[in-house]
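Single-structure report; data block below.
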Amino acid sequence: MARTGNSRRTFIAGAAATAGALGASGALAAPAAAQAGAQAGALAASAAPANGRRVAVLGGGVAGLTAAHELAERGYAVTVYERRALGGKARSMDVPGSARGGRRPLPAEHGFRFIPGIYHNLPDTMRRIPFPGNANGVWDNLVAPREMMFARAAGREDLRAPIPWPDHSPAELTPDELRRALTGILQSLVRLPPHETAYFVDRALVFLTSCDERRNEVWEHTPWWDFVRAEQMSGEYQRILAVGITRNIVATKAEEASTRTVGTLGEAFVFNALGRGADGPPDRILNLPTNEAWIDPWEAHLRTLGVEFRIGWTVREVQYGSGRVSGVVVEDPAGARATVTADHYVSALPVEHARRTWSAALRAADPMLGRCDKLETDWMTGIQFYLTERAPLVYGHLNCIDSPWSLTAIQQAEHWPARDFPADYGDGVAVDCLSVDISEWDKPGILYGKTAKQCTREEVAREVWAQLKASLNDTGKTLLSDGALHSWFLDPGVDGLGTPNPTNQDQLLIHPTGTFHNRPTAGTRIPNFFLSGDYVAVDIDLATMEGANASARAAVNSLLDREGSQAPRCTVQPMYRAPEVESAKRHDLWRYRLGLRNVFDLG
C-alpha cells in the first residue's frame, strides 16, 4: 500500500517551528520571565483594553475562538493560549513533505466537517467572519451535498438516497446507478418486516410527544437500543434503525447511547429536512479545506479585533486562592513555565484536557467540576486516502454500516469548486481525497483480526481500505481500486498504535445514559472562571461545534452578568421546537406526573 510518512515527532516539530516563526515576527512575544527560563514568572494577558478588563482564554478550538470573538467585540482584551494549532479538532492540516512544484501540501484533517441546518449559533458566527468576495462571510463557503448512502457489504446493494431541500437539483444517476439504488431500497424493505417499521414509527412518536421531564428523567437513562427494542428485532432493523442512526447522529454505540440525546437530535434532523427551524439544508460542508475556508480567516479577523494568540503554549494548572482564580500556570514552546494573570479566565479546553488543569482547591470551590470526571470520551479519528483517479461513489457522505470499525466517509475534491485538486495540492498526481472517520477502535477488523488500537499505523490504513472495499466493491463493480491509491494520512494525534498503551490527543465526548446530568454549566461558583466547550450543558445535547459555539456564548454572557456589564448579551439560539407538538407535550407532563406512560407508548 502506498504511504505518506508521518509521525507525532514530525508534527510537533512543525508546530514548534511555526511558533518560532511567529515569535520572530512579533506575533508571539514571550514574557521576559519565560525568555530567562523562569518557572513562575508573571505574565500579563494582554495590553490595556478599551474597557480596562483582560480575559485569558484557555484553548484555541471552536469554543475558544468563539469566546475570543464575542469578548473582543465587547471591548475586552483577549489572549488565547493554544498548545498546538488554532481550530482544535475542527482544523485542517498539511501532510508533511507532500508539496511539489510550487503546490500546496496535500490537505488533511482530524475528521471531515459537517455543519447541518439544525445549527444556528455557529452559522451566525460564520456570517460575521469576513471572506473575500462573500457577502455573508465564511458562511457563504458552505455547500450542500445532494445525496447520501448507506454502503452495505456481503453483496447487498447500497442504500442511496437524495437529501431533500427546496433548491437542490436532483442528483444525476445513470440507469445502472438508479437500478442499484432501487434494488438496495427494495432489499431492505423485504428484509425489514412491516411490523418492525410500524413499531419504530410508534417509538419515534412516543419520543416526539414526550415532555421535557420524561426526556430528562426517563429517556436520558434509557439506552437507545432498549428504547427501540433492537434486541428483539431483525438484523436489518438493528443495523439501520438502531446502530445506523446512532452512528450518524451521535457517533456512539446504540447499546449505550442516551435515548434523550439520540431522539432529540433525530427529531431536529427530521424537522430540518422538512424545512422547519432550519438555517439551511440538513447536510452542509465547506467548499475548501477547513483552514482555508474558515479557521485562517477567523484568526485574521480576530487579530483585527485586537485578540492576541500564544500558539504552542500549554495550560498546566488553573490556580485558586482567596475565592477566585489567581492565575494560570502555562508552559511556553521552549518548556519554560510562567503564570498568566487576567481579570477573567475562560477554560475552552476539551474536557479530557481541561479537568487535568483543575487544582484540588478549584474543584473544592465548585463541586460541579468534579462531576465532569464522570463524562466519558472515546476515539473517533480520521484517515485520508489520496487517489489518482476519482472514485464513482456518491455526491455526499457514505456510511459503511456493515463495517466492523464503523466507517463513514466523503470525497472532498468534488465539493471544492474553487480548487483544481491536482494543480493546487501535492505532487500533481493525486486528484482527490477520500476522508474517512473511524468510529470504532475496539472491535476486530477483517484483515488482521485485531482492533484498530492493536494495529500499527500501516495496518490501520490497510484495514480501513479493506473495509471500504468490502462495502463498496461487493456487488460486481469496482469502485475503489488499489491501483488508484496514491497515499494516506492518519491523524497525528493518535500515537503508540500497536503498543499496550496507545494514546489519542483528540478524543470525542460520547453520550452514554446519564451524561446529561453531569454536564456543567458555563458559569461556575468561582466568580472569574467560566467554562466553554462541547461538554458544557447547552440546548444541543451533543458534542458538536454548535455546542462548543453556544457554550462560549453562554460563558461570555455569564462573565458579563458577573461584571454587571452594560454590553449586549450574546444571542444563544435554542433548538427548534415544533409548536403543534407542544400541546401533546403538556398532556404528557400531566400523565408523567401521575406515573402514567406516554399516551402513544404501547410498550
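The values are calculated or read from the model by the stated rules, or taken from the named source; none is laboratory data. Because the structure is predicted, anything quoted here is derived from the model rather than measured. Here the Cβ positions follow ideal geometry from the backbone for every residue, glycine too, while neighbour counts run over all protein chains shown. What goes into the accessible areas is simple: the full protein's heavy atoms, side chains included, and nothing from ligands, DNA or RNA. Shrake-Rupley method; radii C 1.70, N 1.55, O 1.52, S 1.80 Å.
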_All positions within segment 474-484 that are surrounded by 15 or more Cβ atoms within 10 Å (Cβ to Cβ) and outside any helix (DSSP H, G or I)_ = ASP474, THR475, LEU479, LEU480
*Selection within segment 351-390 - over 15 Å from ASN504 (Cα atoms), among the charged types (D, E, K, R), assigned to a loop (DSSP other than H, G, I, E, B) and open to solvent by 30 Å² or more (accessible area, probe 1.4 Å)*: GLU389, ARG390
*asked:* Can you confirm whether ARG316 is closer than 22 Å to ARG519 by Cα and surrounded by fewer than 23 Cβ atoms within 10 Å (Cβ to Cβ)?
replied: no
*Quick one: would you say GLU292 is of a type in the set (D, E, K, R), open to solvent by 30 Å² or more (accessible area, probe 1.4 Å) and outside any helix (DSSP H, G or I)?*
no
*Boolean, THR451 is of a type in the set (S, T, N, Q) and under 19 Å from GLN507 (Cα atoms)*: yes
*Could we say that LEU559 is buried (at least 20 other Cβ atoms within 10 Å of the Cβ), at pLDDT below 95, touching a Phe, Trp or Tyr at 6+ places or on another chain (Cβ under 8 Å) and over 25 Å from THR209 (Cα atoms) here?*
no
*Would you say GLY327 is open to solvent by less than 10 Å² (accessible area, probe 1.4 Å), more than 22 Å from THR515 (Cα to Cα) and not in a helix (DSSP H, G or I)?*
yes
*Which ones in segment 85-107 are open to solvent by less than 40 Å² (accessible area, probe 1.4 Å) and either modelled with pLDDT under 95 or within 15 Å of the chain's Cα centre (by Cα) (or both)?*
LEU86, GLY87, GLY88, ALA90, ARG91, SER92
*asked:* I'd like to check something: does segment 183-206 contain any residue that is surrounded by 14 or more Cβ atoms within 10 Å (Cβ to Cβ), touching a Phe, Trp or Tyr at 6+ places or on another chain (Cβ under 9 Å), aromatic (Phe, Trp, Tyr) and modelled with pLDDT of 95 or more?
replied: no
_Which condition from (1) out of contact with any Gly (no Cβ under 8 Å at 6 or more places or on another chain); (2) in a loop (DSSP other than H, G, I, E, B); (3) more than 25 Å from ASP424 (Cα to Cα) is the one that LEU122 breaks?_
(2)
*Does segment 304-317 contain at least one residue that is in contact with a Phe, Trp or Tyr (Cβ under 7 Å, 6 or more places away or on another chain), assigned to a helix (DSSP H, G or I) and not acidic (Asp, Glu)?*
no
*Just give me the residues in segment 254-284 being open to solvent by 10 Å² or more (accessible area, probe 1.4 Å) and either without any contact (Cβ under 8 Å) to a residue 24 or more places away in the chain or among the aliphatic types (A, V, I, L, M) (or both), in sequence order.*
ALA268, VAL270, ALA273, LEU274, ALA278
_Show the residue pairs meeting these rules: Cβ distance below 9 Å; 6+ apart or different chains; first residue within segment 362-389 and without any contact (Cβ under 8 Å) to a residue 40 or more places away in the chain; second residue in a loop (DSSP other than H, G, I, E, B)._
PRO367/ARG525
*Quick one: count up the residues across segment 436-465 that are among the small types (Gly, Ala, Ser) and surrounded by fewer than 16 Cβ atoms within 10 Å (Cβ to Cβ).*
1
_Pairs where the first residue, in segment 131-156, is in contact (Cβ under 8 Å) with a residue 12 or more places away in the chain and the second is aromatic (Phe, Trp, Tyr) and open to solvent by less than 40 Å² (accessible area, probe 1.4 Å), C-beta under 8 Å, 6+ apart_ = VAL138/TRP294; VAL138/TRP298; ASN141/TRP294
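For every residue, the table says whether it meets (1) of a type in the set (Gly, Ala, Ser); (2) within 19 Å of ARG160 (Cβ to Cβ).
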residue	(1), (2)
LEU387	no, no
THR408	no, yes
GLY426	yes, no
CYS433	no, no
ILE446	no, no
THR451	no, no
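Residue by residue, here is whether (1) touching a strand residue (DSSP E or B) at 6+ places or on another chain (Cβ under 8 Å); (2) of a type in the set (Gly, Ala, Ser); (3) closer than 23 Å to PHE269 by Cβ holds:
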site: TYR535; (1), (2), (3): yes, no, yes
site: ARG562; (1), (2), (3): yes, no, no
site: PRO574; (1), (2), (3): no, no, yes
site: GLY595; (1), (2), (3): no, yes, no
_Can you find a residue that is of a type in the set (A, V, I, L, M) and more than 24 Å from PRO107 (Cβ to Cβ) anywhere in segment 378-399?_
no
*Is it fair to say LEU531 is within 30 Å of VAL262 (Cα to Cα), open to solvent by 10 Å² or more (accessible area, probe 1.4 Å) and of a type in the set (A, V, I, L, M)?*
no
*Looking at ALA548, is it in contact (Cβ under 8 Å) with a residue 40 or more places away in the chain, in contact with an Asp or Glu (Cβ under 7 Å, 6 or more places away or on another chain) and not acidic (Asp, Glu)?*
yes
*asked:* Can you tell me how many residues within segment 416-435 are of a type outside the set (A, V, I, L, M, F, W, C), surrounded by 19 or more Cβ atoms within 10 Å (Cβ to Cβ) and outside any strand (DSSP E or B)?
replied: 1
_Here is a check on your reading of the model: is HIS517 closer than 30 Å to SER439 by Cα and either open to solvent by 20 Å² or more (accessible area, probe 1.4 Å) or part of a loop (DSSP other than H, G, I, E, B) (or both)?_
yes
*Search segment 108-137 for residues being under 18 Å from the mean Cα position of the chain (by Cα) and β-branched (Val, Ile, Thr), and hand back the single one that is modelled with the highest pLDDT.*
THR125
